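The values are calculated or read from the model by the stated rules, or taken from the named source; none is laboratory data. No experiment lies behind these values; they were computed from the predicted model shown. Here the Cβ positions follow ideal geometry from the backbone for every residue, glycine too, while neighbour counts run over all protein chains shown. Heads up: the accessible areas ignore ligands, DNA and RNA and are worked out on the full protein's heavy atoms, side chains in. Shrake-Rupley method; radii C 1.70, N 1.55, O 1.52, S 1.80 Å.
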Amino acid sequence: MIRKLLGEPPRVNKGILLDAMNSMSDMLKVLERQIQASGDPTHDFRKADILTRGLMSSLDELEQSHHAAAFFRTKVKAGYAEDMSVDEKSDYALYVFFYKDGFVRVFSILDKLGNWLNDLYDLKTGQYKAHYSYFTVLRQFRYLKMHPEMTDSLNDIKDSYTDPINRLRKRRNTEIHYMNTEMQDDLWQRHRALYGKIHLEDLDHHLEDLKQGLEMVNRSLAIAFRYTVKQWENREACP
């Protein structure tokens, strides 16, 4: 959708995005077989199906937000807000919109994945913490010593993206609970420059963090769904 608005051809999934999408598609096939075989009287399989489709849609939207942010970032040439043309200010505003939409979606998807794992593996995380995140679910897996192969892989991914994810989390929390993140950047620049011109925040550094967040999400989804599909297929194969 975004690429059409930007006058670009449709995206062709590849790399880790393709891996993540394929692993979720494989899960949908497994769930469909389970629904056909059992009738799904409790609707648990249908719920898992809906949550899986929701994750696929959310990942698609996150990738589009990152792509659009990168697109509009290339159109911002000025180093200072006061030096921007009218068109450039519009492009900068669009960059900010899609960048913020992107980092909010990173944590939204991770929390949806946490809910999916919690429900599917019956972790009962909500009994111990009413409002839990994806990272709480990972700790719950370890506490219960369940599925260490998947848990260790997911924790390795989490640890390898610690710095960019922490920066994105800080900006997400600022955006939601304190002030607009670009205004915080302006405030810091005013503090440094006093009455001078406001230098733009490091757009490339912020965009790289978002790219890293997208990679972390892709890799986590691929591992979680690939492992789960394998577990269910092994169970199907048992007489």
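Which length gain, in nm to one decimal place, applies between residue 236 and residue 86 when the Cα-Cα distance is subtracted from 0.36 nm times their residue separation?
Taking 0.36 nm per residue and subtracting the Cα distance, the gain is 47.9 nm.
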Between residue 80 and residues 5 or more places away or on another chain, the pairs with built amide H atoms under 5 Å apart involve 200
Projected onto the charge dipole of the chain (+1 at Lys/Arg Cβ, -1 at Asp/Glu Cβ, origin at the Cα centre), which of 140, 127, 94 gives the Cα projection farthest towards the positive end? 127
Of the trypsin sites (Lys or Arg not before Pro) in segment 40-107, those whose Cβ has at most 11 other Cβ within 10 Å and which sit in DSSP loop: 77
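With n ≥ 4 as the cut-off for DSSP H runs, can you work out [θ] at 222 nm for the chain, using -39500 (n - 2.57) per run divided by the number of residues, rounded to the nearest 500?
Details: 9 runs with 181 residues, N = 239.
Helix contribution divided over all residues of the chain: -26000 deg cm²/dmol.
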Taking 0.36 nm per intervening residue step and subtracting the Cα-Cα distance, what contour gain separates residue 143 from residue 128 on full extension? 4.2 nm
Taking θ = phi - 60°, what integer Hz values does the Karplus form 6.51 cos²θ - 1.76 cosθ + 1.60 yield along segment 135-150, in sequence order, with x for Gly and Pro? 5, 5, 5, 4, 5, 5, 4, 5, 4, 7, 6, 9, 6, x, 4, 5
Solvent-accessible area per residue for the chain at a 1.4 Å probe radius, Å²? 55 Å²
Treating cross-link reach as a plain straight distance, find the lysines whose alpha-carbon is under 27 Å from the alpha-carbon of residue 29, omitting any fewer than eight places away in the same chain. 14, 47, 112, 124, 230
Average projection area in nm² (convex hull over Cα atoms of segment 1-237, one quarter of hull surface): 15.3 nm²
Please report, as a whole percent, how much of the solvent-accessible surface of the chain comes from carbon and sulfur atoms (probe radius 1.4 Å). 54 percent
How far apart, in nanometres, would the label points at residue 47 and residue 205 be if each is projected 7 angstrom from Cα along the Cα-to-Cβ direction? 4.4 nm
Contour excess over end-to-end distance, with Cα ends at residue 178 and residue 60 and 0.36 nm allotted per residue: 39.7 nm
Computed magnitude of the charge dipole of segment 1-237 (debye, nearest 20; Cβ of K, R +1, Cβ of D, E -1): 400 debye
Residue 101: accessible area at probe 1.4 Å, nearest 10 Å²? 40 Å²
Expressed as an acute angle from 0 to 90° and rounded to the nearest 10, what is the orientation of the C-alpha long axis of helix 86-120 relative to the principal long axis of the chain? 20 degrees
In nm, to one decimal, how far is the modelled label at residue 152 from the one at residue 40, with both set 7 Å along Cα→Cβ? 3.4 nm
